[in-house]
Structure formats: C-alpha cells, structure tokens
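Undergrad: Sharing a structure with you now.
The values are calculated or read from the model by the stated rules, or taken from the named source; none is laboratory data. Keep in mind the model is a prediction, meaning the values are calculated, not measured. So basically every Cβ, Gly included, is an ideal-geometry build from the backbone, and we count neighbours across all protein chains shown. Only protein heavy atoms, including side chains, enter the accessible area calculation; ligands, DNA and RNA are left aside. Shrake-Rupley method; radii C 1.70, N 1.55, O 1.52, S 1.80 Å.
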Amino acid sequence: MLELRGISKIYNPGTVTELCLFDDFSFKVADGECVSVVGSNGSGKTSMLNIICGSIPVSGGEVLIDGKNINSLREYKRYRMIGRVYQNPAAGTCPDMTILENMSLADNKGKRYGLSFGVNNSRKNYYKEQLSSLGLGLEDKLDAKLGALSGGQRQAVSLLMATLTPIDFLILDEHTAALDPRTAEIIMELTDKIVKEKKLTAIMVTHNLRYAVEYGTRLVMMDKGNIILDKSGKEKQDVKVEDILDIFNKISIECGN
C-alpha cells in the first residue's frame, strides 16, 4: 500500500511568492488499484506524483510504502520500486541510444554494472518478445535510435521500459497528452493491457476525462491541493464524463472564470 499521510508542501517559503499547496493532505492507494487522477492546472496532481517519487521534498508529513516511511529515501532509490512514464516521450529515455541500449539500461535498473558491457546480447530475444507484444513492429528495430521513432512509438517503448523490471507502482504523468488522438488511444490500450497483465498498482494523471472514466478502478479529482471527488467500484462505473465536466465547470465559475 502507498500512503501520503498529513502531507504539507509550501513552495518558496518566507517569500512574497509563498504558496501552500498541500496542508495536512492524506491519500491512500491499495495494492492492485489503478487510480485515474484529474484536476485543473495547479490542483496538485503532478506535485503529488513528484512527492511520491521523491522529486520534490515535503514540508511536513510522511510518504509510506507498506507502512514504512520513505521520506529520507533518495529519488533514484525509489525508482527501484517505481516505474514512471512522463508526458514528454523524450523523458526517461536516451534519444541518441538505440532501442536495444535503452532497454538494456532499463533491464539493469537497480543492479550494478561493474566493468561489464552495458548491453546484454543474450537478452535480445526477450526484448524482441516484449516489443512484439506492443504490436508496432518495433521488434525488428532494435538497432534504431530511439530519437528517430515517432512520438507514439517512443512512448510505447517508454511504457515498456518503465515496467521491464519488477516494480510496485507505475506512475503515469499525463503520458498521452503530447500525442495525437489516434496514437493516444493506442497508448492507452497498451497501458491498460500492461497494467492488467502485470497486475500493477498504478496512478495515472490525465486531462482526458474520458480516459479517466473508462480506465482504471478508481477516479479521483483534485482541486487546490485537496481531493474533492473519490469514486471506486460500482460508483466509478456509474460516473459519466458529463458528471466530471459539470464539476469542472462549477469550480471554474467559483474561481471567476
């Protein structure tokens, strides 16, 4: 289980631009849940992900995994149990390296390199099998540089790399936002397939309300550092895009927009 307990986060403390985003914020994600998180810009969605991953420190409170406080655990060590796919298909990968080299790096996450070669040729067939499961023909392009692929292909490889080694949590940070609609649909279908096949616990931040409604086992909406909607099970199944949009519109009116 992942838990944020009593989290506070203050940006630029003691300055004229001081901003308290989270004040005694708590959030739990049970093992096996796939949570879709929506909210307007500035609601705290990405900051929450960064706190979980250790990209930004908290001003107070605890980040817990299976009851163990990981506040002091460095970001790179957290990534031994967390896989993350970013909005930018170039993030989390090395565009000037080949698909084979990128997958070898991902395959070695959390392990020691020593003086051995970074690419393990004996794993080529395994990488081809994994790439073949994407259905994009990338299994025949192991020697192609990742930067030469389309945005959708790169994001598919990023998704595969993030889940190549055993992980406890998959973090999806608006991972379809930079893609065209057709490619975004393909990536979402692949995401759903991987999450279900590997039985991952996942948190997906998205601005696409339809994806939030259609995918995952739980739907959370955030506003100004608070959770204002939390639906799971039968309640989530009954949620419609129009319901979420209506709440967005009410928030917008309250903000004077």
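Undergrad: Taking amide H positions as placed 1.01 Å from N in the peptide plane, with prolines and chain starts having none, which residues 5 or more places from residue 228, or on another chain, fall under 5 Å of its amide H?
TA: 221, 222, 223
Undergrad: Per DSSP helix of 4 or more residues, -39500 (n - 2.57); summed, then divided by the residues of the chain. What does that give at 222 nm, rounded to the nearest 500?
TA: That comes out to -9500 deg cm²/dmol.
Undergrad: On to the next question. Of all the accessible heavy-atom surface of the chain, with the other protein chains kept in place and a 1.4 Å probe, what percent is carbon and sulfur?
TA: Numbers: 6440 of 13080 Å².
About 49 percent, which is the carbon plus sulfur part of the accessible surface.
Undergrad: A follow-up question, please. Show me the ranking of peptides 180-188, 36-44 by mean Cβ neighbours inside 10 Å, starting with the highest.
TA: Working: 180-188: 15.7, 36-44: 20.0.
For the peptides 180-188, 36-44, the packing ranking is 36-44, 180-188.
Undergrad: Taking Cα centroids, how far is region 26-90 from region 92-111 in Å?
TA: One Cα centre to the other: 23 Å.
Undergrad: Still on this structure: Just order 66-77, 204-215, 15-26, 149-160 by mean Cβ neighbour count inside 10 Å, highest at the front, would you?
TA: Going from most to least packed, we get 149-160, 204-215, 15-26, 66-77.
Undergrad: Still on this structure, please answer the following. Taking only protein heavy atoms into account and a 1.4 Å probe, give the accessible area per residue of the chain in Å².
TA: On a per-residue basis, the chain sits at 51 Å².
Undergrad: Starting from the Cα-Cα distance between residue 182 and residue 129, subtract it from 0.36 nm times their residue separation and give me the gain in nm to one decimal.
TA: 16.7 nm
Undergrad: Quick one: net charge around residue 72, please, counting Lys, Arg +1 and Asp, Glu -1 for every other residue with C-beta under 14 Å from its C-beta.
TA: +2
Undergrad: Determine the alpha carbon to alpha carbon distance for each of 28/109; 45/231; 9/198; 28/240; 45/68 and list only those over 21 Å.
TA: Where the Cα-Cα span goes over 21 Å, the pairs concerned are 28/109; 9/198; 28/240; 45/68.
Undergrad: Tell me, what is a quarter of the convex hull surface for the C-alpha atoms of region 119-170, in nm² with one decimal?
TA: Reported value for the Cα convex hull: 4.0 nm².
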